[in-house]
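To start, the structure under review is shown below, and the notes come after it.
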Amino acid sequence: MAEQPSSKQLSARAAAASILFQVVDQGQSLSQMLPRVLPQVVARDHALVKELCFGVLRWLPRFEAMLQQLMDKPLKGKSRRGHFLLMVGLYQLFYMRVPAHAAVSETVSATHALKLHSLKKLVNGVLRNAERQSEQLLTAQNGNDSLLYCHPSWLSKRLKAAYPERWSEILEANNQHAPMWIRVNALQAQRSDYQAELQTLEIASQAATLSEQALCLEKAQPVHKLPRFEQGACSVQDGAAQLAASLLDAQAGERILDACAAPGGKTCHILELQPKLAELVAVDSEATRLKRVGENLSRIGLQAKLICADASQPEQWNQQPFDRILLDAPCSATGVIRRHPDIKWLRREADIEELVKLQAAILKALWQQLKPGGMMLYATCSVLPDENSRQIAAFLQQTDDAELVPINSDETIAQPGWQLLPGDNNMDGFYYARLRKTLS
């Protein structure tokens, strides 16, 4: 029997408009809002809600520009959700294969669920005009970089300065749909065997060259369709993030720290590659996020010591030095915008300086918890040099017992670490730097 919406449920368009209002106007993250609102939508429409939200956030400035042309004045106050409902309509008209009449009628219908009855005629009129004027609306955007790349100007300027040859490539990659990567559990299966098993289910994948457990699926799949997912045979994790465990190279009998560990993908991967550790300690400052680490460990059948604490204050929760430390530092997340397009509009340039200070504080504090001869792997999902190569270069200059252990041959003390950019090998943007604590 077909699933029928109840009177308390939202249509996909109404749900998307509500989420977008909370994200853009109220500063809430998309990853927080989707789980709150999706339960109010019939399950078959969940993918549509996500597509509408991600699409509008990717191309937000284009829709703002269109609405400026289509409307005499913007919607404000209690009508503000209508502004985002119009964007939902525009996204369908210009970027989806939804028939125009259906896109308009379904979007107009959503005014009822949003209690915006007075906007019904306006929404209908604006969207019908957009359909009629589509060619003019698109032509008006030509030659405008801010509408071509749809990034905030501060971020575009920083990327142009940092990557003068590749900045446009990075911006374009940020606006692409991110592929689904999985990590095959080395304790349970060889990657080639698991890939063959996927193939029998008509799930095509490509094996990564940089990570021995990584498979990139040609088409995203619900996790319940992945063989033995609930038994821990694989996990969802981007290929770039999967590099952390192999670069850390934990050895049997060692005590390992995974700092800022949530949601636990790297924690689990470390244990999958080296199940004979003396102890793995996973620390995160947010209890709800740390709970996810525990859930991921439990699904796979692994164990770690979980501590909810401030990574910059390790003396409060640790009394024994570590052989190796993975510091997955808090960062701007500018390398994972394709997975989280709201980052473009939630992150502020002023945030970068504060993040750099926090990273430096955690780096300095955790270095004191590392054994002489021990190894630290510093990681971020950022592409900004201030958080990455400049951060590590400054630390090396200020820290007498720290030495760079190059990952690649072209690293120098002045330009340390390995920067992966969004789209490189179809992976997210990530940065890694490996440091050793000298014995003397």
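The values are calculated or read from the model by the stated rules, or taken from the named source; none is laboratory data. Since we're looking at a predicted model, the values are computed, not measured. Note that each Cβ is placed from the backbone with ideal geometry, even for glycine, and that neighbours are counted across all protein chains shown. For accessibility, only protein heavy atoms count, side chains too; no ligands or nucleic acids. Shrake-Rupley method; radii C 1.70, N 1.55, O 1.52, S 1.80 Å.
Brief remarks on what is shown
- The one condition from (1) buried (at least 24 other Cβ atoms within 10 Å of the Cβ); (2) assigned to a helix (DSSP H, G or I) that A240 does not meet is (2).
- Taking (1) more than 24 Å from L420 (Cβ to Cβ); (2) open to solvent by 30 Å² or more (accessible area, probe 1.4 Å); (3) in a loop (DSSP other than H, G, I, E, B); (4) touching an Asp or Glu at 6+ places or on another chain (Cβ under 9 Å) in turn, H224 satisfies each apart from (3).
- All of L60, L85, L70 fail the test of being touching a residue at least 60 places away in the same chain (Cβ under 8 Å), in contact with a Lys or Arg (Cβ under 8 Å, 6 or more places away or on another chain) and under 15 Å from V126 (Cα atoms), apart from L85.
- Test for L85: is it under 20 Å from D45 (Cβ atoms), assigned to a helix (DSSP H, G or I) and touching a Phe, Trp or Tyr at 6+ places or on another chain (Cβ under 7 Å): no
- Residues located in region 262-310, provided they are open to solvent by 60 Å² or more (accessible area, probe 1.4 Å), in contact with a strand residue (DSSP E or B) (Cβ under 6 Å, 6 or more places away or on another chain) and not hydrophobic (A, V, I, L, M, F, W, C): K305
- Restricted to region 179-233, and to residues there that are free of Cβ contacts under 8 Å to residues at least 24 places away in the same chain and of a type in the set (A, V, I, L, M), the residue that is farthest from I300 (Cα to Cα) is A204.
- Condition broken by P74, with the remaining ones in (1) modelled with pLDDT of 95 or more; (2) closer than 25 Å to L147 by Cα; (3) over 28 Å from the mean Cα position of the chain (by Cα); (4) not hydrophobic (A, V, I, L, M, F, W, C) satisfied: (1)
- With respect to being over 18 Å from A12 (Cβ atoms) and part of a helix (DSSP H, G or I), S105 falls outside the description.
- The set of residues in region 42-71 being open to solvent by 30 Å² or more (accessible area, probe 1.4 Å) and among the charged types (D, E, K, R) consists of R44, D45, K50, E51, R62, E64.
- Among residues of region 377-414, those that are closer than 20 Å to A161 by Cα, open to solvent by 20 Å² or more (accessible area, probe 1.4 Å), among the aliphatic types (A, V, I, L, M) and part of a loop (DSSP other than H, G, I, E, B), counted: 1
- Selection within region 168-191 - assigned to a helix (DSSP H, G or I) and open to solvent by 50 Å² or more (accessible area, probe 1.4 Å): E169, E172, R191
- Across region 325-347, the number of residues qualifying as closer than 24 Å to F21 by Cβ, open to solvent by 10 Å² or more (accessible area, probe 1.4 Å), hydrophobic (A, V, I, L, M, F, W, C) and in contact (Cβ under 8 Å) with a residue 40 or more places away in the chain comes to 4.
- A residue that is under 29 Å from the mean Cα position of the chain (by Cα) and in a loop (DSSP other than H, G, I, E, B) cannot be found anywhere in region 43-58.
- As for region 193-206, it holds at least one residue that is surrounded by 14 or more Cβ atoms within 10 Å (Cβ to Cβ), modelled with pLDDT of 95 or more, farther than 26 Å from I407 by Cα and of a type in the set (D, E).
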